[in-house]
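Colleague: Here it is, the structure in full.
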Amino acid sequence: MAKTKKIILPGPDDFNIPPEDFHDYTVLLMGAKGIGKTTASSSFPGNLNIMWEPRRKNVKLRMIGADEGIMVRPAQEIIDGADDPWELFIEYCAAAVDDPTITTITVDTVDLAYQACFESVCARLGVTHPNQIKDDYGASWNTIKNEFNALIDTIRASEKVGLLLISHVKERDQEFQDGSGTLSIIGPSCAPACLQILKSACEFWLYYGWKDGNRTIFCRDPDRLIDVACGTGFMDPETGEPINSFTIPSNPDAFYDTLNTAFRGSNSKSKKVTKKKVIKKKGAKRKKPS
């Protein structure tokens, strides 16, 4: 019989204690192009932005990008001998975790990082798409998912580095299980397979948008029908009710401090809304986000 680790159950007072600083969590920040997601990431403590999109010249940012080989490269180019950006990305992430000056890794965008993983795995399999493999039965898709998930988990396992994942937004219709109608939600624009990974990996999904002419973070907002995963935090300490949205100052350097303050429940300007269920019957006109 194989040796196993001695089993020790946690005691009645041995609880998981959630971190008090927001950057210790894995966070998805989604929003429309140009809202300021990349600029916002620069305010996170000890941030390194691994930029899959074109390099931002107008943002003061500690950044790794296309000049360092971070770009989405088609599988065929990798098959033909070009460098594999996904493998380079893995090396950069490992080095960042070991760097004492880095306490936050930003992946900008997670959509493109997943696409790079997809192209890398396809290249190793000698194809440009998994559908080209006969009798694959989903094995190659599982390889892509497992490899991407493994990198996310490796970063999350670090006790000193937080993970910020940036995505654009996409509106989707989600049907209720009883078939009574559909719910129109705003979620990340990444591929469906990547979306499933984010649902299990991220403690918080935040939507960065506009409200009453102000840049606003929405952590719970049924009016916009955002697909969110929000655990502990963002609770009003006086009323015990959820903080659903709060305004972000015009100074981008204040983004993280404002976010962390709201997370700890001490943002006096936070706005609370009553949670409700919005149903759209099939064939009805889609409700547009405000």
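The values are calculated or read from the model by the stated rules, or taken from the named source; none is laboratory data. Remember, predicted model here, so these are calculated numbers, not experimental data. Here the Cβ positions follow ideal geometry from the backbone for every residue, glycine too, while neighbour counts run over all protein chains shown.
Colleague: Checking residue 95 against (1) in a helix (DSSP H, G or I); (2) within 23 Å of the chain's Cα centre (by Cα); (3) closer than 25 Å to residue 188 by Cα, only one condition comes out false. Which one?
Modeller: Every listed condition holds for residue 95 apart from (3).
Colleague: Still on this structure, please answer the following. Failed condition for residue 108, given (1) in contact (Cβ under 8 Å) with a residue 12 or more places away in the chain; (2) charged (D, E, K, R); (3) surrounded by fewer than 20 Cβ atoms within 10 Å (Cβ to Cβ), with all others met?
Modeller: That leaves (3) as the condition not met.
Colleague: Which of the numbered conditions does residue 67 fail, given that it passes all the others? Conditions: (1) modelled with pLDDT of 95 or more; (2) not β-branched (Val, Ile, Thr); (3) not in a loop (DSSP other than H, G, I, E, B).
Modeller: Exception for residue 67: condition (1).
Colleague: Same structure again: If you check residue 111 against the conditions, is it out of contact with any Leu (no Cβ under 6 Å at 6 or more places or on another chain), of a type outside the set (Phe, Trp, Tyr), assigned to a helix (DSSP H, G or I) and closer than 27 Å to residue 21 by Cβ?
Modeller: Working: out of contact with any Leu (no Cβ under 6 Å at 6 or more places or on another chain): yes; of a type outside the set (Phe, Trp, Tyr): yes; assigned to a helix (DSSP H, G or I): yes; closer than 27 Å to residue 21 by Cβ: yes.
Yes.
Colleague: Still on this model: Which pairs have Cβ atoms under 6 Å, sit 6 or more apart or on different chains, and link a residue in segment 9-31 that is more than 12 Å from residue 260 (Cα to Cα) to one that is of a type in the set (Asp, Glu)?
Modeller: Filtered contacts from segment 9-31: 26/203.
Colleague: Further question on the same structure: Can you confirm whether segment 154-163 contains a residue that is modelled with pLDDT of 95 or more and farther than 26 Å from residue 17 by Cα? Steps first, please.
Modeller: Of segment 154-163, the ones modelled with pLDDT of 95 or more are 163.
Next, only the ones that are farther than 26 Å from residue 17 by Cα stay: none.
No: zero hits.
Colleague: Are any residues in segment 15-38 farther than 26 Å from residue 86 by Cβ and not aliphatic (A, V, I, L, M), and if so, which ones? Give the steps one after another, and end with the answer.
Modeller: Taking segment 15-38 and keeping what is farther than 26 Å from residue 86 by Cβ, we get 15-22, 24, 32, 34-36.
Selection gives 15, 16, 18, 19, 20, 21, 22, 24, 34, 36.
Colleague: Of all residues in segment 126-149, count the ones that are assigned to a helix (DSSP H, G or I), of a type in the set (Lys, Arg) and either over 23 Å from residue 91 (Cβ atoms) or free of Cβ contacts under 8 Å to residues at least 40 places away in the same chain (or both). So that I can check it myself, show each step before the final result.
Modeller: In the first step, residues of segment 126-149 are kept if they are assigned to a helix (DSSP H, G or I); the result is 130-132, 139-149.
Add one more test, that the residue is of a type in the set (Lys, Arg), and what stays is 145.
Pick out the ones that are also either over 23 Å from residue 91 (Cβ atoms) or free of Cβ contacts under 8 Å to residues at least 40 places away in the same chain (or both) and you get none.
Going through segment 126-149 one residue at a time, the tally reaches 0.
Colleague: Kindly list the number of the only condition in (1) of a type outside the set (A, V, I, L, M, F, W, C); (2) in a loop (DSSP other than H, G, I, E, B); (3) free of Cβ contacts under 8 Å to residues at least 60 places away in the same chain; (4) under 15 Å from residue 167 (Cα atoms) that fails for residue 49.
Modeller: Here residue 49 clears every test but (2).
Colleague: Please name all residue pairs, on different chains or six or more residues apart, with Cβ atoms under 6 Å, provided the first residue is in segment 203-216 and is over 16 Å from residue 249 (Cα atoms) and the second residue is part of a strand (DSSP E or B) and not polar (S, T, N, Q).
Modeller: Pairs found: 204/27; 204/230; 205/28; 206/29; 206/217.
Colleague: Has segment 192-199 got any residue that is assigned to a helix (DSSP H, G or I), buried (at least 18 other Cβ atoms within 10 Å of the Cβ), at pLDDT 90 or above and touching a Lys or Arg at 6+ places or on another chain (Cβ under 7 Å)? Full working, then the answer.
Modeller: Residues of segment 192-199 assigned to a helix (DSSP H, G or I): 192-199.
If we keep only those that are buried (at least 18 other Cβ atoms within 10 Å of the Cβ) too, we end up with 194-195, 197-198.
Retained after the next criterion (residues that are at pLDDT 90 or above): 194-195, 197-198.
Narrowing further to those that are touching a Lys or Arg at 6+ places or on another chain (Cβ under 7 Å): 197.
Among the residues of segment 192-199, at least one is assigned to a helix (DSSP H, G or I), buried (at least 18 other Cβ atoms within 10 Å of the Cβ), at pLDDT 90 or above and touching a Lys or Arg at 6+ places or on another chain (Cβ under 7 Å), which makes the answer yes.
Colleague: Right, another one. Out of the residues in segment 78-98 meeting the condition of being of a type in the set (D, E, K, R) and free of Cβ contacts under 8 Å to residues at least 24 places away in the same chain, tell me which one is farthest from residue 148 (Cα to Cα). Give the steps one after another, and end with the answer.
Modeller: Pass one, segment 78-98, residues of a type in the set (D, E, K, R): 80, 83-84, 87, 91, 98.
Those still in the list that are free of Cβ contacts under 8 Å to residues at least 24 places away in the same chain too: 80, 83, 91, 98.
Working: 80: 23, 83: 18, 91: 14, 98: 20 Å.
Ranking the qualifying residues of segment 78-98, first place goes to 80.
Colleague: Still on this model: Starting from residues that are among the hydrophobic types (A, V, I, L, M, F, W, C) and not in a loop (DSSP other than H, G, I, E, B), keep the ones in segment 1-40 and report whichever is surrounded by the fewest Cβ atoms within 10 Å (Cβ to Cβ). Quick ask: steps written out before the conclusion?
Modeller: Within segment 1-40, the first condition is being among the hydrophobic types (A, V, I, L, M, F, W, C), and the residues that meet it are 1-2, 7-9, 15, 17, 22, 27-30, 32, 35, 40.
Now restrict to residues that are not in a loop (DSSP other than H, G, I, E, B): 22, 27-30, 40.
Working: 22: 24, 27: 22, 28: 25, 29: 28, 30: 30, 40: 28.
Looking at residues that are among the hydrophobic types (A, V, I, L, M, F, W, C) and not in a loop (DSSP other than H, G, I, E, B), I get 27.
Colleague: Right, here's the next one. Among what's in segment 150-191 and is free of Cβ contacts under 8 Å to residues at least 40 places away in the same chain and in a loop (DSSP other than H, G, I, E, B), pick the residue that is farthest from residue 226 (Cα to Cα).
Modeller: Here is the first cut: in segment 150-191, the ones free of Cβ contacts under 8 Å to residues at least 40 places away in the same chain are 150, 157, 159, 170, 175, 177-179.
Applying the additional criterion that residues be in a loop (DSSP other than H, G, I, E, B) yields 159, 177-179.
Details: 159: 30, 177: 18, 178: 21, 179: 20 Å.
The extreme case among them is 159.
Colleague: Sticking with this one: Has segment 41-60 got at least one residue that is acidic (Asp, Glu) and crowded, with 16+ Cβ neighbours inside 10 Å? Don't jump to the end; show me each part of the working.
Modeller: Applying the first criterion (acidic (Asp, Glu)) to segment 41-60 yields 53.
From the residues that got through so far, the ones that are crowded, with 16+ Cβ neighbours inside 10 Å too are 53.
Yes, some residue in segment 41-60 is acidic (Asp, Glu) and crowded, with 16+ Cβ neighbours inside 10 Å.
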